[in-house]
1. Before we move on, is GLY309 part of a loop (DSSP other than H, G, I, E, B) and not aromatic (Phe, Trp, Tyr)?
2. Within the stretch 182-191, which residues are within 13 Å of ASN242 (Cβ to Cβ) and free of Cβ contacts under 8 Å to residues at least 60 places away in the same chain?
3. With ILE96, ILE108, ILE75 as the choices, which residue is within 24 Å of the chain's Cα centre (by Cα) and not hydroxyl-bearing (Ser, Thr, Tyr)?
4. Cβ-Cβ below 7 Å, separation at least six or inter-chain, first residue in the stretch 90-115 and farther than 13 Å from ARG74 by Cα and without any contact (Cβ under 8 Å) to a residue 40 or more places away in the chain, second open to solvent by 80 Å² or more (accessible area, probe 1.4 Å) and outside any strand (DSSP E or B): which pairs?
5. Would you call THR286 of a type in the set (Ser, Thr, Tyr), touching a helix residue (DSSP H, G or I) at 6+ places or on another chain (Cβ under 7 Å), touching a residue at least 60 places away in the same chain (Cβ under 8 Å) and in a helix (DSSP H, G or I)?
6. Do any residues in the stretch 134-145 that are free of Cβ contacts under 8 Å to residues at least 24 places away in the same chain have Cβ atoms under 7 Å from those of residues that are open to solvent by 80 Å² or more (accessible area, probe 1.4 Å), where the two are at least six apart or on different chains, and which pairs are they?
7. Of all helices (runs of 4 or more DSSP H) completely enclosed by the stretch 190-252, which ones contain at least 2 residues that are of a type in the set (Val, Ile, Thr), at pLDDT 95 or above and in contact with a helix residue (DSSP H, G or I) (Cβ under 7 Å, 6 or more places away or on another chain)?
8. Which numbered condition in (1) out of contact with any strand residue (DSSP E or B) (no Cβ under 7 Å at 6 or more places or on another chain); (2) of a type outside the set (D, E, K, R); (3) part of a helix (DSSP H, G or I); (4) open to solvent by less than 50 Å² (accessible area, probe 1.4 Å) is the only one that PHE183 fails?
Amino acid sequence: MRQFDVPTFYESPIISTVKDARQVADPRKNDLSPSVIDFGPVRFKIARHFGFCFGVEQAIEIAYKALDENPDKRIFLLSEMIHNPHVNEDLRDRGIQFLRTTKGEQLIPFSELTPDDVVIIPAFGTTLEVEQELDRRGVDTETYDTTCPFVEKVWRKSSQIGDDDYSIVVHGKRYHEETRATFSHAKQEGPVVVVRDMEEAEELAAVIRGEKSADFFYDFFEDKYSADFDPAEDLRRLGVVNQTTMLAEETAAIADLMRDALVDRYGEADVKEHFADTSDTLCYATNENQNATHALIEDGADLGIIVGGYNSSNTSHLVELCEEHMPTYFVRDAEQFDAPAEIRHFDIHARQETTTEHWFPADETPVDVLLTSGASCPDALLDDVVHKILSWYPDARPVEDAIAPFKASLDDE
C-alpha cells in the first residue's frame, strides 16, 4: 500500500515502534492479538490496528502540500479536514482558514472567495451543491481534494445501484459531513433514505413489509429521504451503502434486515430482483480497527482508554464496543487527566464531557490498560497517555527497556 508523507511530529517513539514491529512480523495483518508493552506495575495492551488510516494520511499529505506549494496565497479548508482537534488546530496555526463548521454552518461566505484562493476539500468529501457553488466562483476544487478513496467507492456503488433502478439506503448519521455528501451524490442517481441504526432500520423494514403506511414513513424519516420519494414504489428494490465510519457489523445487520423484509414481501425466489448486494462498500480501515478492538476486549483489561476527537464517528464506535465490557474513557489527549483521582472524558450517549473520580486503580498491580484510538488520531497522542500514566509509577521499567523486544524484531529484519 502506498506510503504517505505525514509530518514526523505526528509520529511517536513508543507507539510507532510497536506498529512497525507488528507490520514486519505480520505483513498480511492476520494476527489481531494486541501488543503488550510491559512496564511492570502497568501494562498497556495496544490494538493491532488503530490510528491514521489510508484516507487520513492522504488528506494530511495533501493539506501540508497545499501549504508548501502556496506560500503567498490564501488557503481555506471547506470544514475540518478530519475529526481531530490537534490536526485541525495545527493547520489553523499555519494559516489555513475554515469556511464552514462540521455541521455546515458558514463561517466565511463563499462570496469572499476568488479564483486565486486555494480551497481544500476535506477527507469526508462534500456535496455536489457546494462543489457547484465553488465552481461558479471559479474556485479550483480538484487540485487539493482530499476526499477519502473509500468514501468515493461508496459514491460509485450508489451510482451503480441507482443506475440499476434500485433505491439507496444509507446507513449513517444524516448530518455528518460524509453522509451529507453521500446523500447529495446518491440522490442524483436514485431515491435515497438514511437510517442511523437498527432501530430506524426496523421501522423502514416495517414499511417495506406493508406493516406501516407511507404517512408513517414521511413522518418518521422526515428530512432523511430525497425529494419525491414514494415508499410504495421506491422501497421495492433496494441496495444498502454506509457512512464508512459506522460499525461495520451494524451495516451488515441492516443490509440483512432489508433483504429479509424484501423476502417477506416478495418471496425468496425473487429476492435478487429486489435486493442489491453491496457488502463491498465497507471501509477496510474501519473494519480492521473494529475487529482489532474486539480482539483487545477478548484479551481483557482493567480499563480502556480511547483517544480521539469527540466528534469522530469511528472513534465513538470503538468506545461503544469497549464500554460494554470494562470502564472506558474517551479522551482527546493526556491533558484530560493529571492523576488517578480524576479524569475528564466524553460521554458518547449524553454527548458531553463529564468527570469521573477514582477512575484509575493505581493501587492494584499490575494494571492492564486497553489503549487504542480513532482513525484520525496521531500516534503521538497515545505516547502522551503512556508517559502520563508512567509518571505515577517511579518503579516502572524505562521506556527503552519496555519497547526493546519490538525494536529487536525490527533490527532482525
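1. When the stated conditions are applied, GLY309 passes them.
2. Answer for the stretch 182-191, where residues must be within 13 Å of ASN242 (Cβ to Cβ) and free of Cβ contacts under 8 Å to residues at least 60 places away in the same chain: PHE183, ALA186.
3. Exactly one of ILE96, ILE108, ILE75 is within 24 Å of the chain's Cα centre (by Cα) and not hydroxyl-bearing (Ser, Thr, Tyr), namely ILE96.
4. ARG100/LEU107; THR101/LEU107; PHE110/ARG137
5. Considered against the rule, which asks whether it is of a type in the set (Ser, Thr, Tyr), touching a helix residue (DSSP H, G or I) at 6+ places or on another chain (Cβ under 7 Å), touching a residue at least 60 places away in the same chain (Cβ under 8 Å) and in a helix (DSSP H, G or I), THR286 comes out as yes.
6. Sorted first by the residue in the stretch 134-145, then by its partner, the pairs are THR141/ASP135.
7. Working: elements: 198-209, 214-220, 231-234.
Helices (runs of 4 or more DSSP H) meeting the threshold: 198-209.
8. With respect to (1) out of contact with any strand residue (DSSP E or B) (no Cβ under 7 Å at 6 or more places or on another chain); (2) of a type outside the set (D, E, K, R); (3) part of a helix (DSSP H, G or I); (4) open to solvent by less than 50 Å² (accessible area, probe 1.4 Å), PHE183 is out only on (1).
The values are calculated or read from the model by the stated rules, or taken from the named source; none is laboratory data. Because the structure is predicted, anything quoted here is derived from the model rather than measured. Because the Cβ atoms are built from the backbone with ideal geometry, glycine has one as well, and the counts that use them run over all protein chains shown. Ligands, DNA and RNA are stripped out before the accessible areas are found, and what is left, the full protein with its side chains, is counted by its heavy atoms. Shrake-Rupley method; radii C 1.70, N 1.55, O 1.52, S 1.80 Å.
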